[in-house]
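**Q** This is the structure I want to talk about, given as C-alpha cells.
The values are calculated or read from the model by the stated rules, or taken from the named source; none is laboratory data. Nothing here was measured: the structure is a model prediction, and the numbers come from that model. Cβ coordinates were reconstructed from backbone atoms using ideal geometry, including for glycine residues, and neighbour counts include every protein chain displayed. The protein model used for the area step is the full one, side chains on, heavy atoms only, and it has no ligands, DNA or RNA in it. Shrake-Rupley method; radii C 1.70, N 1.55, O 1.52, S 1.80 Å.
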Amino acid sequence: MRTSFKIMKKNKFLYIIPIFLLITAIFFLLIRFSPYPELSEFKSRPVSTRVFDNQGKLIQIIALKDGLHREFTPLEDIPLFVQDSFIKAEDRHFYSHHGIDFSSVLRAIFQNVREFRTVSGASTITMQLARIIRPSQKRTIFAKIRETFDAFRLEARLSKKEILEAYLNNVPFGFNTEGVSSAARYFFSKELAALTEEEAKTLSQIPRRPSLYSFSSDSKRRPFSYPFEMPHFVRYLSTLPNSPIGKAADLHTTADLALQHAAEDMLRQSVEKYASNRLTNGAILICETQTGKILSWVGSADFFDESHNGQVDGVLSYQQPGSSMKPFLYALALEKGFSPSSVLPDIPMEFGFENLYVPQNFNRRFNGPVRLRVALASSLNIPAVYLLNEIGLDTYLKKLSELGFDSLKNADSGLSLALGGAEVSIFEMTQAFSVFARDGYFLPLSMMQDAALQNNESATNSRKEASQVYDVNTARLICDILSDRDSRALGFGYNQTFLTPFPAMFKTGTANQYQTITALGATPKYTVGIWMGNFSGETVIGKTGSSIPAKIARDLLVLLQGNNGKDFKKPAQFKKERICALSGKKAGEFCPDKISEYVATGSQDKGECCSWHTQEGTTYPAQYAVWFRMKNRSGEVGEKGSPLKIISPRNNSIFYYDDSVSEHQQKLVVEAIGGKTDRAVFSIDGTALNERKRPFTEQIPLQKGRHRIKVECAGESDEIEINVR
C-alpha cells in the first residue's frame, strides 16, 4: 500500500510539471502577444524637435501641446552616470528582475506596516513606464494590478535598454517638462551631456517631489529661457507635408543664425528710419545661389508687433512685385528670337480691345527706340508690355510655372503681368531669380541639411525635379544686363545704391499703387529677395521707388562676400561687336554713337548695317512718327515708302457713347502712318471725309453701332472696325 501511495504521489507530481509549463507558456503568450494599443500609440507620440542652424546653434525647441517640452535622446547619448543615478534612485535591481522586484515589494510591505502609512511603493522603472504609457486616474488596487501586468508585458516585448531609454525620455518632472534632456535644460540650463554627477543625482530626485524644486523669486537660479529664433522659418517647416517637426528629435537646417540676426537688424533699422513714410514692415529671404540652400528667412520686421501684423509671414504672403518680374519676361524674349541689341518701341501704345491697356513709364516719359538691354536694365514699362504682347500671355505663364510660380496658376492680370501686376511671394521671386546666376538651371529652395530629410523635402516640393528652364546663354546675358551699370543709367542714373565691390545683378520693383516695394540681388554665390511695405495694403508715402530694399540687398551681399566675388560667366557662342547705339544694328560709317554688344557668333557678318544714319542725317522708322512729333528732335521720320497703317485706334476696339454729353463733343481721333505720298483721305462707312496732310490724323464723330474706318493714300489703303455701344 505504501509503495502504491508513493507511486501515486510521484505520478501527481509528474502531472503538475506540464500543467505548470502550460500555464507559464500561456501567460508568456498572453503578455507577449496580447493587444497593447497603448504601447503602439506611445511609441509614436510626438517629441520636442530641436532645430539647429548650419553651425549647430539652437534656433528653437518646439514645444508640444500646452507648452510641454519633451526632448528625445538615444540611450547611447545619455551619460552613464545619468543612467546610474536614476537606476540607483528608482530601481537598483533593474537589470535583474522581469518587471517586478519582489524583494522590494516585501520591503515596502514591511515598511508601510511598520509606519502605518505608505512609505514606499516598490514600483520598478518598468512599472513606472507602464504607468506613463497607460496612466490611471486614481491609485487603486486594480490600477496597481494592471500596472504590474503591463510591466510584465513591457519586459516581454522590449529589451532593458529600450525600457530604460523610453523611461528616461518620458519621465515627468513637472513644470511642463518631461524626459531627462528637457529637465537638464529647464533646471540647470545645460545640455544633458554637460551635467555634473552631483547635478545628475539631484535630477534623479526631482520626479518624486517636483514641487520642492520650483524656482522662487529670490532664487539666483532661473528656469531655462527657450530660444525663439526665426519663428516664420520654423513655422513654415512645421506646415510642410510630412513635416519632421514633432517626429525628428534633431533637425539640422541650412539657416545661418549670425546672418539671420544681421538681416533682422537691417530690416528693423530701415523700417524705423522710414516709419514717417508709412513703411511699417518687410521680409527678407537669402539663399546660396548654386545650391538653393536657404540661409536667412525674415518674415516681418517684428514678429511680436501685433499692430502691424508681425506674425504674418512676408516671405510667403502674396504681393505685387512690380518690375521685379521683368527679367523672366526678357529672358523668354531672348529665347524667342530677340537679342540684347534688338530695338523695342518706347512710344505711346494701346493694347487690348474692349478694355484698353495704355502702359506708362514710371517717369511719364517716352524714350522712342530703346535697345532691349537698356529697356530691361532701366526697367522701362512700355517695351516690357510690347514684348509680352508679342510673345503671348499663355507662353509666358507656362514659363513662369516652370520657374515655380504656383501663385500664378489662375492668374488673370492680362498684359499687366509684364509689369508685375499679379501677386506672387518673395519666396517664389528669390527662387526664380537665382536661376540666372545658375546658368538657367531651376533648383527648388531647400532648408534641410539631413540627407533623408532633404530627400523628403524634395519629394514634397511642387517642383520635384530640378530642370533647365532657360538656355545657358540666355541666363548669362540676363546676368550681364542686370549687372551693367551704364545700361541702368537711363532709368536710375548712376545710383550708388547698386554699387558693390564685386559683380552683382539687381532688379527692383514697385507695385502700381506704391503699397509694396521689392528688390532682388544676386551674385554667383548668393541670392537675396526683399519685400517692404504694409500688410494692411496702405501706400508708402513719398517713397515710391525701391531703393530702400535695394540698399539692404546690397549691404547683405557685401556682408556675405566682403570685397571679393567672382564675375558672372560670359555667354558662350556670343562675342562682342560694335553696333549702333540707336538702331542696334551693325555700326555704319555715319553712326555717331557706337557701343560694344554681345552678338551671336556668325550673325554680325550677315547682319544688316545701320540704315538709320546716313550722310543726310538720322531717319527713324515710321512707327516712331507720333513719338517724334511730341518734341523737337533732330532728324526725320521715314514714313514715305512704309506700309500705310492705322495705328490708333486698334482694330475691333470697343467704345461707349455717353448720352449725357452732346454729340459734337464725342469724337474719336484716328491716326495713321506710312503711305507713298504726303496726302491721305479718311472715310467712315464708305463716306469720305477731308483730305489730310502729314501727320495723318482725323477726328470722327462717335455714333452707336459698328463702323468701318478706312484711310487711302496713292492707291494704298488700310481699314479697321470699331464698335460704339
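**Q** Note the angle between two axes, namely the Cα long axis of helix 160-170 and the longest principal axis of the Cα atoms of the chain, as a number of degrees from 0 to 90, rounded to the nearest 10.
**A** For helix 160-170, the angle is close to 60 degrees.
**Q** Counting Lys and Arg as +1 and Asp and Glu as -1, what is the net charge of the other residues whose Cβ lies under 13 Å from the Cβ of Gly617?
**A** Net charge around Gly617: -1.
**Q** Might you tell me the accessible area per residue for the chain, computed with a 1.4 Å probe and given in Å²?
**A** 49 Å²
**Q** Can you give the FRET efficiency to the nearest 0.05 for Thr614 and Asp302, using r as the Cβ-Cβ distance and R₀ = 60 Å?
**A** Rounded to the nearest 0.05, the efficiency is 0.45.
**Q** A further question follows. Give the angle, between 0 and 90 degrees and rounded to the nearest 10, that separates the Cα long axis of helix 257-273 from the longest principal axis of the Cα atoms of the chain.
**A** The helix 257-273 is inclined about 50 degrees to the chain.
**Q** When we measure straight from the Cα of Lys704, which lysines land under 29 angstrom away, once same-chain ones fewer than 8 places off are left out?
**A** Counting by Cα, and skipping residues close in sequence, Lys704 has these lysines nearby: Lys645, Lys667, Lys693.
**Q** While we're here: Taking the mean number of other Cβ atoms within 10 Å as a proxy for protection, how do you rank 266-278, 365-377 from highest to lowest?
**A** 365-377, 266-278
**Q** Let me check the size of the chain from its C-alpha atoms; what are the radius of gyration and Dmax in Å?
**A** Computed over the Cα atoms of the chain, radius of gyration and Dmax are 38.7, 151 Å.
**Q** Let me ask another. Among the lysines, which fall within straight-line cross-link reach of Lys569, defined as a Cα-Cα distance under 18 Å, with same-chain neighbours fewer than 8 residues apart omitted?
**A** Within the straight-line cut-off, Lys569 pairs with Lys525.
**Q** Quick one: which of 164-174, 405-415 comes out on top by average Cβ neighbours within 10 Å, and what's the full order, highest first?
**A** 164-174, 405-415
**Q** Could you pull the accessible area for Ser416 with a 1.4 Å probe, rounded to 10 Å²?
**A** Here the residue's solvent-accessible area equals roughly 30 Å².
**Q** Give me the net charge for the shell around Ala333: Cβ to Cβ below 14 angstrom, other residues only, Lys and Arg +1, Asp and Glu -1.
**A** Here the charged neighbours net out to +2.
**Q** Right, something else. Just for the Cα atoms in the range 245-372, what are the lengths along the principal axes, largest first, rounded to whole Å?
**A** Extents along the principal axes, in whole Å: 58, 39, 30.
**Q** Percent of accessible area on the chain owned by carbon and sulfur, 1.4 Å probe?
**A** 52 percent
**Q** With θ taken as phi - 60° and the coefficients 6.51, -1.76 and 1.60, list the Karplus ³J(HN,Hα) couplings across the range 586-601 in order, rounded to whole Hz; mark glycine and proline as x.
**A** 3, 4, x, 5, 9, 6, x, 10, 10, 10, 9, 8, 6, 10, 4, 3
**Q** Here's something else I'd like to know. Count the DSSP beta bridges whose two residues both fall in the chain, then state the antiparallel fraction as a percent rounded to the nearest 5.
**A** Within the chain, antiparallel bridges account for around 85 percent of the total.
**Q** Give me P(r) over the range 121-258, computed from all C-alpha to C-alpha distances, binned every 5 Å, as integer percentages.
**A** Going out from 0 Å in 5 Å bins, the range 121-258 shows 2, 8, 14, 16, 16, 15, 13, 10, 5, 2, 0, 0 percent.
**Q** Relative to the first principal axis of the alpha-carbon coordinates of the chain, what is the inclination of helix 326-335, with its axis defined by its Cα atoms, in degrees from 0 to 90 and to the nearest 10?
**A** It works out to around 70 degrees.
**Q** Please list the equivalent ellipsoid semi-axes of the range 407-451, computed as the square roots of five times the alpha-carbon gyration tensor eigenvalues, in descending order and whole angstrom.
**A** 26, 13, 8
**Q** Taking C-beta distances below 4.7 angstrom as the pairing criterion, name the unpartnered cysteines of the chain, in sequence order.
**A** Unpaired cysteines in the chain: Cys287, Cys479, Cys609, Cys713.
**Q** Additional query: Please give the peptides 153-159, 177-183 ranked by average Cβ packing (other Cβ atoms within 10 Å per residue), highest first, as a rough proxy for protection.
**A** 177-183, 153-159
**Q** Using label points projected 7 Å from each Cα along Cα→Cβ, tell me how many nm separate Val472 and Ser211, to one decimal.
**A** 7.4 nm
**Q** Given C-alpha coordinates of the range 597-646, what is the ratio Rg to Rh with the Kirkwood estimate of Rh?
**A** For the range 597-646, the value is 1.08.
**Q** Based on a Kirkwood Rh over C-alpha pairs, give the Stokes-Einstein translational diffusion coefficient of the range 258-303 at 25 °C and viscosity 0.890 mPa s in µm²/s.
**A** 219 µm²/s
**Q** In terms of solvent-accessible area of protein heavy atoms at a 1.4 angstrom probe, what is the ranking of Leu240, Leu332, highest value first?
**A** Largest accessible area first, the list is Leu240, Leu332.
**Q** Run the helix sum for the chain: -39,500 (n - 2.57) per DSSP H stretch of 4+ residues, divided by residue count, reported at 222 nm to the nearest 500 deg cm²/dmol.
**A** -10000 deg cm²/dmol
**Q** Cα to Cα, under 16 Å, and not fewer than 8 places away if on the same chain: which aspartates and glutamates meet these conditions relative to Lys551?
**A** Output for Lys551: Glu264, Asp265, Glu272.
**Q** Which entries of Lys566/Lys586; Lys409/Lys570; Lys161/Lys220; Lys88/Lys190 show an alpha-carbon separation above 28 angstrom in the structure shown?
**A** Listed pairs above 28 Å: Lys566/Lys586; Lys409/Lys570; Lys161/Lys220.
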